[in-house]
1. For region 41-57, how many residues meet the condition of being open to solvent by 40 Å² or more (accessible area, probe 1.4 Å) and not hydroxyl-bearing (S, T, Y)?
2. In region 120-140, is there at least one residue being touching a Phe, Trp or Tyr at 6+ places or on another chain (Cβ under 8 Å) and of a type outside the set (S, T, N, Q)?
3. If I go through region 37-57 residue by residue, how many of them are touching a helix residue (DSSP H, G or I) at 6+ places or on another chain (Cβ under 9 Å) and of a type outside the set (G, A, S)?
4. Pick from V26, V92, V66: which is more than 23 Å from T124 (Cα to Cα) and aliphatic (A, V, I, L, M)?
5. Considering each of P27, P49 in turn, give the residue that is in contact (Cβ under 8 Å) with a residue 12 or more places away in the chain and more than 14 Å from S108 (Cα to Cα).
6. Do you know which residues across region 45-71 are under 15 Å from the mean Cα position of the chain (by Cα) and more than 21 Å from G113 (Cβ to Cβ)?
7. With the requirement that a residue be in a strand (DSSP E or B) and more than 16 Å from P27 (Cα to Cα), what does region 53-64 give you?
Amino acid sequence: MPERGGDVVVPAEFAARDWPLHVTIVPPFETGLDAGAIAALLPRGPRIPVVAGARASFGHRRAVPVTLIRPSPALLALHLACVEALEAAGAVIADRRHIRSGYRPHASDQRLGTLAPGEHASLTELALVERTPGAPRRVVARIPLA
């Protein structure tokens, strides 16, 4: 989650339309593991500074406005470590086009915030979010980045 002159407070539960500002590290995935087991697999590390890059549009109709995040060795290493840990544990990542060399770090525009090109932030935690269709999104685990 980005820090921008103060941590973004991520509620324990939120409506699907009210995602807090965040940087996607791993696309949605499915696993039979519980949240605690998944959290134990994910890397711990220092906060990761990020810099917002250009504006772009994602999605099959290019209808999702995002701000690309300039890739850094630390950010790319975090992504790869998370993907490899999840896959080693049997998780199925929904869209494999967006991992490893296809990973495009980004922050989707949210009703509650957007990153502007050139803005600096820090990733302060990894959050596992349960996305049950038709239900509120629930943060089921938090992994602090110290």
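1. 7
2. Within region 120-140 (the criterion being touching a Phe, Trp or Tyr at 6+ places or on another chain (Cβ under 8 Å) and of a type outside the set (S, T, N, Q)), the answer is yes, since at least one residue qualifies.
3. Counting residues in region 37-57 that are touching a helix residue (DSSP H, G or I) at 6+ places or on another chain (Cβ under 9 Å) and of a type outside the set (G, A, S) gives 8.
4. V92
5. P49
6. Answer for region 45-71, where residues must be under 15 Å from the mean Cα position of the chain (by Cα) and more than 21 Å from G113 (Cβ to Cβ): just P71.
7. G53, A54, R55, A56, S57
Residue by residue, here is whether (1) part of a strand (DSSP E or B); (2) crowded, with 16+ Cβ neighbours inside 10 Å holds:
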position	(1), (2)
P11	no, no
H22	no, yes
A39	no, yes
V66	yes, yes
A77	no, no
L86	no, yes
S101	no, no
R104	no, no
L115	no, yes
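The values are calculated or read from the model by the stated rules, or taken from the named source; none is laboratory data. Just so we're clear, the structure is a prediction, and the values are computed from it rather than from any experiment. So basically every Cβ, Gly included, is an ideal-geometry build from the backbone, and we count neighbours across all protein chains shown. Side chains are part of the model used for accessible areas, which takes the heavy atoms of the whole protein and leaves out ligands, DNA and RNA. Shrake-Rupley method; radii C 1.70, N 1.55, O 1.52, S 1.80 Å.
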